[in-house]
Structure formats: structure tokens, C-alpha cells
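Everything on this sheet refers to the single structure shown next.
The values are calculated or read from the model by the stated rules, or taken from the named source; none is laboratory data. Being a predicted model, the structure only gives us computed values, none of them experimental. Note that we place each Cβ from the backbone using ideal geometry, even for glycine, and neighbour counts take in every protein chain shown. Protein only, heavy atoms only, side chains kept; ligands, DNA and RNA dropped before computing areas. Shrake-Rupley method; radii C 1.70, N 1.55, O 1.52, S 1.80 Å.
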Amino acid sequence: MVCLTSLVAAAADSHNRSSSVTTGVAESDNPMRIWFRTPGKARNQTLPLGNGRLGALLYGDPAVERIDLSEETLWSGSPKRLDRIGGHQHLPEIWKLLDEGDFAAAERLHSGQMLAASDFKRQEMLGELYLRFKDHDEVTDLRRELDLRTSVVRMQYTCRGIRFTREAFVSAVDQVLVVRITADRPSSVNVDVDLRREINASCQVLAGKGDTLTLTGHGDPSETGLKFEARLRAIQVGGTIAPAGDRLEIRGADSVLLLLAAATNFKNATVNGAPPAVSCERWIAAASAREYATMLAEHQAEHASYFSRAALDLGSSSPEQRALPTDERLKRFIKTGERDANLEEQLFQMGRYLLICASRPNTQAATLHGIWPGTYGEAGYNCAYHLDINISENYWPAEVTGLGDCALPLVDLVENLIPNARRTARDVYASRGASCAINVDGWLVTAPRGSTHYATQWVGGMAWISQSVWEHYAFSGDERFLRERAWPVMQEVALFFLDYNRTDPVSGKVYIGPSGSPENGFRHNDKRVTEDYGISMDQELAHEVFRNSLAAAKVLGIDNAFTREVAAMLPKLALPRIDSDGRLLEWRTPREEADPSHRHLSHLYGFHPGNRILLDDAPAEASAVRKSLLGRLNVNGRGTDAEPGTGGIVWQRGWLLSMWARMREPETFYRTLQDFMRRTTEPNLCNKWGSRPYVLDGNGAFSGGVPEALLQSHAGQIHLLPCLPDAWQTGSFRGFRARGGITVDARWTPQSVDISLTANRDTTVDLRLGQHVEKLELKKGKPRRVSLRR
């Protein structure tokens with residue numbers, strides 16, 4: 001039983017009352033450092049850096065340092081128009097086949113006449129920077145670390161009695177990778193520096209400049225016209241520097257400063273940008289004129305302006321745990337199962353850190369691998385934009401943990417897709433509005449393409465990612481953003497759904513389609529098929545887009561033919577039904593699932609990340625969601641109703657965190673969290689997908705799922721501690737955000753909760769703890785403190 005008593009009074013003058021609750025998160029008590037005692041042997045042991053555009057992964061070998069380099073606009077392929085123009089002519093026959101129950105024939109026709117061949121492009125690695133040190137065969141006392149708060153990698157070790165230090169960061173201020181090498185004995189730095197790339201590139205010493213290397217080349221394949229350059233300048237103190245073939249030799253230096261810039265001629269999905277050499281020359285010249293200490297201080301301050309916006313304290317780890325390097329600490333947790341509170345906090349902050357490094361205002365949106373692709377050319381990882389669950393999860397921590405501006409590149413992507421998506425809607429589907437394939441890349445090709453095995457005929461990609469556009473408004477309350485950016489996007493997506501549907505003549509209900517359920521299928525006549533109409537995922541997306549459009553129109557004072565058309569169709573939309581076994585149907589009628597344990601939970605979108613199905617307001621549907629989860633997770637004895645399975649692939653486990661948080665099942669939430677840490681977390685606290693490290697959706701889903709257990713606002717209330725596990729009975733957070741433009745700080749014990757709420761405009765909110773709700777008036781910029789008894 002929760003007793004809610006408020007000691008609510010508007011905050012006094014700011015000079016005598018703090019604007020936030022003291023969280024107990026102190027640097028000395030909660031260091032955000034990922035560290036190792038050994039060199040990195042694989043990418044899952046590297047330390048990541050990035051400024052939203054330029055990425056670097058440091059392996060930390062004393063003798064041969066390798067740094068994997070990436071530049072966000074280095075895409076394989078080139079702009080193409082792949083739409084199957086006139087494909088809509090086959091829609092009547094597809095509808096007929098679906099009505100007759102010949103799903104396989106409908107799928108073949110859809111695939112053969114409306115989908116283009118698979119032609120997915122991907123982000124490529126830029127190259128590798130190697131630092132080959134002389135006489136480094138006897139190394140002791142090695143420590144390498146990444147400080148998440150400052151985004152600086154630091155490595156120290158002793159070799160032949162000399163203490164060496166390396167520092168590295170990627171500066172958003174100066175747009176360069178900076179590496180500094182020092183030693184505690186003069187004339188001790190002896191290093192060869194070179195740049196390498198497996199394909200389509202050459203490295204040389206820049207003519208007339210014996211201290212500068214260039215790596216130049218082109219995207220894959222070469223005829224794309226995409227060109228790139230990486231330029232490195234070495235500045236040594238003492239000793240000598242000289243070119244040696246395609247590398248630089250530095251001998252007897254006291255210290256060495258390396259500055260690396262990179263660029264391509266990519267611009268707005270074309271190759272019409274500035275020559276990369278011009279950009280690199282400008283950045284290197286400007287950085288070369290600056291003091292290292294100044295560059296470091298400004299970089300740290302700029303990064304901290306993002307990272308410091310939110311903090312989390314979930315208790316203290318033991319001295320034994322805190323004394324261990326991160327990789328050994330994770331192994332200890334996996335072996336013993338003993339809770340490690342600070343490791344949980346670090347993993348939460350790692351998702352925020354990676355998003356800050358991969359997605360800044362005026363950069364591209366973060367791909368499946370952020371800005372750290374692992375391969376060259378067209379044959380590597382599918383490092384692009386996956387518009388169902390994956391890119392969405394990348395950005396789940398953004399709004400709720402104070403990084404709303406880091407989500408703006410995703411808004412940019414949606415806007416940039418619209419011109420091509422309009423053509424796809426018109427030429428392929430004979431519809432107004434905009435439609436986009438399930439997978440897109442930097443060239444903004446929106447044509448549906450690929451194999452229907454993964455439901456690539458799904459039409460809801462634009463709708464799913466447009467949710468992030470609406471959420472940016474919902475959390476910020478920025479009406480200018482709503483009018484100028486969100487509203488045009490929502491209109492385009494809604495218009496497509498208004499056209500791409502049909503009305504059942506008997507029930508009068510509207511069904512979106514034909515389409516598929518990403519990325520699942522069902523069995524019919526002993527075959528796996530994916531084609532149908534009225535897919536639960538699409539019905540939920542259309543409902544959400546229509547509701548949000550009407551809500552936006554009300555705020556903006558818009559009443560026109562479009563809003564009236566939306567208002568007329570909204571109540572006609574068929575919504576997902578509940579099967580006889582109590583589960584929510586994924587398709588419009590009961591089907592035998594091709595894979596009962598399938599990783600995707602697309603049909604549950606209305607519960608999360610959507611908000612149509614609310615636990616309190618729609619208990620029957622929420623119960624059906626839960627039974628659907630159990631059906632997926634408990635297959636083959638992997639769990640029970642009391643202790644459900646915890647999922648398989650990394651992004652599914654991350655999604656489950658938010659699902660269980662909204663179900664308010666704290667111990668199931670926490671078991672899933674611990675299993676996430678145990679099974680999908682790498683030594684550097686990045687997440688893996690099979691053998692592929694740096695899958696940003698996993699880290700993003702974790703860092704979005706943890707706040708979902710502590711603060712929810714999707715149901716029109718500010719709900720505190722809705723899913724608090726026993727392990728977290730004491731803790732605090734600072735800087736979390738609730739919808740409506742409200743910043744929330746909280747500190748709790750088993751007996752009480754202290755809260756501070758600060759709104760960015762005058763407003764009234766319902767504050768909830770347990771089953772008790774209290775209405776509060778908030779004044780713009782004036783913190784309001786509340787003490788609650790649990």
C-alpha cells in the first residue's frame with residue numbers, strides 16, 4: 001500500500017534552493033570508466049570514440065596500436081531509382097488472391113511485380129591508423145581506459161623503465177581525431193605511423209609536407225563517384241620526423257601529437273559535396289594552430305554538455321568488484337550472478353555515450369552499428385537504417401535522458417526520405433503521401449526490395465520512424481518544431497494510410513495492405529508465407545499516426561479537409577483481435593506461426609513503443625499482450641508463466657525490458673536485465689549480435705529500458721517508480737525527462753521518495769506513485785519539490 005503525502009510548495013528563490021534533488025551521484029563514488037589491464041585483441045575489446053561524424057576504435061596494443069577509422073558519409077553504392085513503377089497495377093489481383101486464401105500466390109505476385117531486387121548499401125569503414133612503436137617487447141603495468149564523461153581514451157604502461165602515456169579523443173569542436181603520445185623520459189618516443197585500407201585506396205606522404213600522410217580512395221564500387229580522404233599530420237617535440245615510403249618515421253621525440261581529419265564528397269545523398277581534400281586541409285590547418293591543452297579542455301566541456309544531463313545511482317558495488325577491470329568484472333558477474341550495481345549504471349550510461357558519439361545535430365542518423373562499421377565494401381555488415389525496431393531502439397534513450405537534440409539527425413533522415421518516399425507511394429502503390437522500404441541507406445532509396453522471407457513488402461517503415469518525430473515534440477513541447485517539422489511528416493505518413501487500404505463491405509472496417517509483419521511469417525499449406533492485409537503492426541501504426549495527427553492539429557489550430565478525412569477514418573480502423581487462447585493476433589485471423597519463438601514482437605507495438613494499449617485503461621488487451629510475450633518466450637521450456645524466458649537476440653532482450661517495465665512486473669524486468677548483461681554484453685560494454693559487435697540498438701534499448709522502469713509518462717501521468725525491482729529499493733536519478741517538457745530528479749529509499757519537477761512552460765501534471773495520483777501546478781523554470789511516503 002502506498003501512502004502519498006506531498007510537501008508541495010513552489011521552489012523559493014533559486015539562490016537559496018536547489019533546482020534538483022541531490023542524487024548521490026558523485027565522481028569519486030561512481031566513476032564512469034571502462035578499463036582494461038590487457039591490450040584489445042578484437043573489436044569487442046576496443047574503446048570507441050566519435051563526434052557524430054568521425055569515429056575511431058582503439059585497440060590499445062603497446063607495440064602496435066591499431067585505430068579503426070570511420071566517416072559517417074562513406075557509403076557503398078550510389079543513388080539509384082529502384083521503384084517498380086506501375087507495380088500497383090497488380091494490387092487488385094493480389095487482393096483477390098488474399099481473399100481466396102492463396103497467400104503464397106499473392107506473395108509471389110507481390111514479390112515479382114512490386115519489389116525490386118535486393119540492392120542494400122551500407123556504411124563502410126574508412127581505414128586503419130597504425131602506430132608501430134620500437135623496442136616495445138617488455139611492457140608492464142598496462143592500463144587503458146575510456147572515461148564516458150569526457151570521451152577521452154587514456155593508456156599508460158611501463159616499457160624498459162619508461163612510463164608512456166597515450167591520450168586520444170575525437171573532437172566535435174575541431175573535427176579531428178587527436179592522439180598524443182608522451183613519455184616520462186626525454187627522447188623516448190620512437191614510432192612509425194601509417195594509414196591502411198583493404199580496398200579502393202592508397203596511402204602516401206603528402207607532396208612537399210614530410211609530416212603529413214593522406215589516405216585517398218573511393219567507395220565500393222569505384223564507379224559510384226564517392227571519393228574520400230583521410231589526412232594525418234604529425235607534430236613532434238624534439239627528435240626527428242621523416243617520410244619512409246608510405247609512412248612517417250618519428251625518432252627520439254619527447255612527445256608526438258597526431259591530428260587526423262577525414263571527409264568525403266557526399267552531400268544530401270549525392271556526390272556533389274566539397275572535394276574531401278579541401279575539407280581535410282581546412283580542419284588540419286586549424287587544429288595545428290591550437291594548443292593541445294586547449295583542444296582537450298574544449299572537447300571535454302563540449303562532450304560533458306551532453307553526457308552530464310542525466311545521472312543514475314542504483315547503489316554501490318563491493319570494493320572487490322570496483323577493483324576489477326571491466327572485462328574481468330563482467331566475467332565475475334556472469335560466473336557468480338552477484339549483482340554489480342555500478343556495472344548496471346555503466347551499461348545504462350554506455351548507451352547514452354554511444355548515441356552522443358554517433359548522432360549529433362547536423363550529422364547523419366546513427367546506423368545499426370552507430371558510426372563504427374566493421375567491414376569494407378558492399379559485402380560486409382548490413383550497416384544501414386533498419387526502419388522497424390532497430391533504428392527506433394538506437395534512439396530510445398534520447399528524449400527520456402536529456403539527449404533530445406541527439407535525435408534530430410533521425411528527424412533529418414525522415415524529412416530527407418520524403419521526396420523519394422512520395423514517388424514510391426505514387427508509382428508503386430498508387431497512393432498519396434510517403435512510403436518507405438524496411439531498409440534504407442544514405443542514398444535515400446525508398447523502393448521496397450529484397451526477399452519476402454523477412455516481410456520486406458511491409459509498408460510501415462515511415463510510420464514507425466515518424467513516431468520519433470512526434471516523441472520529440474511530446475517531450476519538448478516545442479510548438480514551432482511541431483508546426484514546421486513534425487506536422488508535414490505526419491501528414492505524409494497519414495495520407496499514405498488513407499489511400500493504401502480497403503474497407504470490408506460487411507463490417508465496414510478499414511484494413512491497411514497488402515503488407516507483411518516484420519520480420520515474421522505464418523504457415524499455410526505447409527509453406528512459410530508473409531503476405532496478407534490488416535497486419536496488426538500496420539493497423540497499430542495507422543491508428544497511432546491518425547491519433548497523433550489529430551492531436552497535433554488541435555495544438556496548431558488546424559481544421560481542414562485532411563484532418564476531417566483522418567477523423568472520419570480513425571474509428572473505422574480494424575484493431576488487433578484477441579485469439580481464443582488469449583493472445584493478441586499478429587494477423588487479422590488466427591494463423592500457425594512459422595516460428596513460435598520469433599525474435600520480433602511487431603504485433604505488440606500498440607503496447608510498446610506505442611501507447612494505445614494501456615495497462616490500466618485496456619486490461620484485456622494488455623493481458624493479451626502478456627500472453628503473447630509468454631507464448632514467444634516460453635517455447636521449448638525456456639520459461640514459465642511465473643518466470644518467463646528472457647529472449648534471445650540482443651535487441652529483443654532490450655525491447656523486453658521496456659515491455660516488462662510497462663507491465664509493471666519488476667522482478668521479470670530485472671531478470672531480463674541481468675540476462676541481457678550476461679548474454680549479450682561484450683567486454684567493453686557494447687552489445688553484440690551474433691559475432692557482430694557494436695550493434696547500437698542493443699545498447700540503446702537497454703538505456704531506454706532502464707528509465708522506463710523508473711519514470712513513465714506515456715499514459716498522461718508522471719508515474720514514478722512504476723516497476724522498481726527489489727534490488728533497486730534505494731537509488732536516485734537526475735535529469736530524466738517526462739512528456740510535456742518536464743525534467744524530473746528523484747531520490748528514493750524503502751520509506752520515501754523526494755522529487756523535483758521543472759517544466760519548460762506553465763502546466764498542470766498528474767503525479768503518480770503506486771495507485772495514488774495528485775495534481776500539481778508547475779511554473780516555467782521553477783522547480784517544484786515533492787516528498788512522497790512509500
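Tabulated data for the structure shown
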| read-out | value |
| --- | --- |
| Filter result for the condition that a residue is open to solvent by 10 Å² or more (accessible area, probe 1.4 Å), modelled with pLDDT of 95 or more and closer than 26 Å to Gly690 by Cα, over Asp61, Asp68, Asp102 | Asp61 |
| Residues that are in a loop (DSSP other than H, G, I, E, B) and touching a strand residue (DSSP E or B) at 6+ places or on another chain (Cβ under 8 Å), drawn from segment 696-722 | Ser713, Gly716, Gln717, Leu721, Pro722 |
| Qualifying positions in segment 678-695 - among the hydrophobic types (A, V, I, L, M, F, W, C) and either closer than 16 Å to Asp68 by Cβ or not in a strand (DSSP E or B) (or both) | Leu685, Cys686, Val695 |
| Residues located in segment 212-224, provided they are open to solvent by less than 30 Å² (accessible area, probe 1.4 Å) and not hydrophobic (A, V, I, L, M, F, W, C) | Thr212, Thr214, Gly217, Gly219, Thr224 |
| Counted residues, segment 227-244 - those being farther than 22 Å from Thr165 by Cα and either surrounded by 17 or more Cβ atoms within 10 Å (Cβ to Cβ) or free of Cβ contacts under 8 Å to residues at least 40 places away in the same chain (or both) | 7 |
| Segment 399-427 residues that are over 20 Å from Asn362 (Cβ atoms), paired with ones that are among the aromatic types (Phe, Trp, Tyr) and open to solvent by less than 20 Å² (accessible area, probe 1.4 Å) (beta carbon under 8 Å, 6 or more apart) | Val400/Phe475; Val400/Phe736; Thr401/Phe736; Ala425/Phe496; Ala425/Tyr500 |
| Odd one out for Thr764 among (1) in a strand (DSSP E or B); (2) surrounded by 16 or more Cβ atoms within 10 Å (Cβ to Cβ) | (2) |
| Qualifying residue in segment 300-322 (condition: assigned to a helix (DSSP H, G or I) and in contact with a strand residue (DSSP E or B) (Cβ under 6 Å, 6 or more places away or on another chain)) | no |
| Residue that is surrounded by the most Cβ atoms within 10 Å (Cβ to Cβ), among those in segment 155-200 that are in a strand (DSSP E or B) and in contact with a helix residue (DSSP H, G or I) (Cβ under 9 Å, 6 or more places away or on another chain) | Val176 |
| Of all residues in segment 617-637 being open to solvent by less than 40 Å² (accessible area, probe 1.4 Å) and not in a helix (DSSP H, G or I), the one that is modelled with the lowest pLDDT | Asn634 |
| Any hit, segment 53-61, residues being in contact with a helix residue (DSSP H, G or I) (Cβ under 8 Å, 6 or more places away or on another chain), without any contact (Cβ under 8 Å) to a residue 24 or more places away in the chain and not aliphatic (A, V, I, L, M) | yes |
| Filter result for Arg734 (modelled with pLDDT under 95 and crowded, with 19+ Cβ neighbours inside 10 Å) | no |
| Some residue of segment 575-591 being touching a helix residue (DSSP H, G or I) at 6+ places or on another chain (Cβ under 6 Å), open to solvent by less than 40 Å² (accessible area, probe 1.4 Å), in a helix (DSSP H, G or I) and not acidic (Asp, Glu) | no |
| Long-range neighbours under 7 Å by Cβ, at least six apart or interchain, first residue free of Cβ contacts under 8 Å to residues at least 60 places away in the same chain within segment 471-498, second assigned to a helix (DSSP H, G or I) | Phe481/His472; Phe481/Tyr473 |
| Members of segment 492-542 that are within 27 Å of the chain's Cα centre (by Cα), open to solvent by less than 10 Å² (accessible area, probe 1.4 Å) and charged (D, E, K, R) | Asp538, Glu540 |
| Boolean, Val506 is among the β-branched types (Val, Ile, Thr) and over 18 Å from Lys96 (Cβ atoms) | no |
| Neighbours by Cβ (under 6 Å, 6+ apart or cross-chain): first from segment 263-280, part of a loop (DSSP other than H, G, I, E, B); second open to solvent by 50 Å² or more (accessible area, probe 1.4 Å) | Asn265/Lys227; Ala269/Pro79; Gly273/Lys267 |
| Those residues of segment 108-124 which are surrounded by 23 or more Cβ atoms within 10 Å (Cβ to Cβ) and at pLDDT 95 or above, in sequence order | His110, Met114 |
| Matching option when the condition is part of a helix (DSSP H, G or I) and closer than 17 Å to Glu519 by Cβ, among Met537, Met569 | Met537 |
| Condition met for Pro596 (more than 26 Å from Glu471 (Cα to Cα) and either acidic (Asp, Glu) or out of contact with any His (no Cβ under 9 Å at 6 or more places or on another chain) (or both)) | yes |
| Selected residue (only one of Ala709, Ala727, Ala715 is under 15 Å from Glu345 (Cα atoms), of a type outside the set (Val, Ile, Thr), modelled with pLDDT of 95 or more and surrounded by fewer than 22 Cβ atoms within 10 Å (Cβ to Cβ)) | Ala727 |
| Qualifying residue in segment 691-705 (condition: over 20 Å from Arg599 (Cβ atoms) and open to solvent by 10 Å² or more (accessible area, probe 1.4 Å)) | no |
| Every residue from segment 32-82 that is among the aromatic types (Phe, Trp, Tyr), more than 20 Å from the chain's Cα centre (by Cα) and either part of a loop (DSSP other than H, G, I, E, B) or under 25 Å from Ala201 (Cβ atoms) (or both) | Tyr59 |
| Hits in segment 323-362 - residues which are of a type in the set (Gly, Ala, Ser) and open to solvent by 10 Å² or more (accessible area, probe 1.4 Å) | Ala323, Gly337 |
| Counted residues, segment 776-790 - those being assigned to a strand (DSSP E or B) and open to solvent by less than 50 Å² (accessible area, probe 1.4 Å) | 6 |
| When residues of segment 638-656 are limited to those that are of a type in the set (Val, Ile, Thr) and farther than 15 Å from Leu673 by Cβ, the one surrounded by the fewest Cβ atoms within 10 Å (Cβ to Cβ) | Thr640 |
| Residue ID - nearest to Ser222 (Cα to Cα), chosen from residues in segment 245-268 that are open to solvent by less than 10 Å² (accessible area, probe 1.4 Å) and small (Gly, Ala, Ser) | Ala263 |
| Search result, residues across segment 309-340 that are among the small types (Gly, Ala, Ser), closer than 30 Å to Ala738 by Cα and in contact (Cβ under 8 Å) with a residue 60 or more places away in the chain | Ala310, Ala311, Gly315, Ser316 |
| Members of segment 368-403 that are open to solvent by less than 10 Å² (accessible area, probe 1.4 Å), over 8 Å from the mean Cα position of the chain (by Cα) and more than 28 Å from Gly741 (Cβ to Cβ) | His369, Ile371, Trp372, Pro373, Gly377, Cys383, Ala384, Tyr385, Asp388 |
